[in-house]
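Just so it is clear, none of the values below were taken in a lab; they were calculated from the coordinates. Here the structure is a predicted model, which means the values were calculated and not measured. Reconstructed Cβ throughout: ideal geometry from the backbone, glycine too, with neighbour counts over all protein chains shown.
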Amino acid sequence: MLVEFQNHLMPDFDWDGFNLFVFNTSKRNNGCGELYIYNWESHKPRQIRPISQKCCYRDVRWSPDGTYLIFAFQDEGLASAAATLLYYVPYSEIGTGANITPFHCLKASLKTQRKRRSQLCILRNNQTLVERYCSTRIFLTSPGP
């Protein structure tokens, strides 16, 4: 299967540390697009649409242990009214029809080294605290309480 890229752009990708790459294409809003898993061993991409079989995704990352995906989602069908929602999903649940819900973010004024404001997103799951600075796309993990 050949993956067709609009404008020949693949704005983002990440590797699970083993044999899977995850990436999105660029279809709208400077980087939102279709989501794919590429298997290095089989050399085959697989399109995934974990949120109600809808587009569009961006900023996808594997968890440090390679068992979860975190990504931003905008419902293409809502056009400019689409909110950006963040998801932290077990990879094993992708494509199973499991009910996947976004996690809520705490808005905080943070000064980065570039003195930009950012949004701190926190999710407690399986005794792990996941923090993601949305503007810099960095994962930090630490044990939960």
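Starting from the Kirkwood Rh over alpha-carbon pairs, what translational D in µm² s⁻¹ does the stretch 1-80 have by Stokes-Einstein at 4 °C and 1.567 mPa s? Intermediate results must be reported in sequence, preceding the final value.
Numbers: Rh = 12.8 Å.
For these conditions, the coefficient is 101 µm²/s.
Take the Cα radius of gyration of the stretch 36-90 and divide it by 2.2 N^0.38 Å, with N its residue count; two decimals is plenty.
Working: Rg = 12.6 Å, N = 55, 2.2 N^0.38 = 10.1 Å.
Computed over Cα atoms of the stretch 36-90, the ratio equals 1.24.
Taking 7 Å along the Cα-to-C-beta vector as the label spot, tell me the residue 101-residue 80 distance in nanometres, rounded to one decimal.
3.2 nm
Could you give me the ³J(HN,Hα) list for the stretch 10-19, computed from phi with Karplus coefficients 6.51, -1.76, 1.60 and θ = phi - 60°, whole Hz, x at Gly and Pro?
10, x, 7, 7, 8, 10, 7, x, 10, 10
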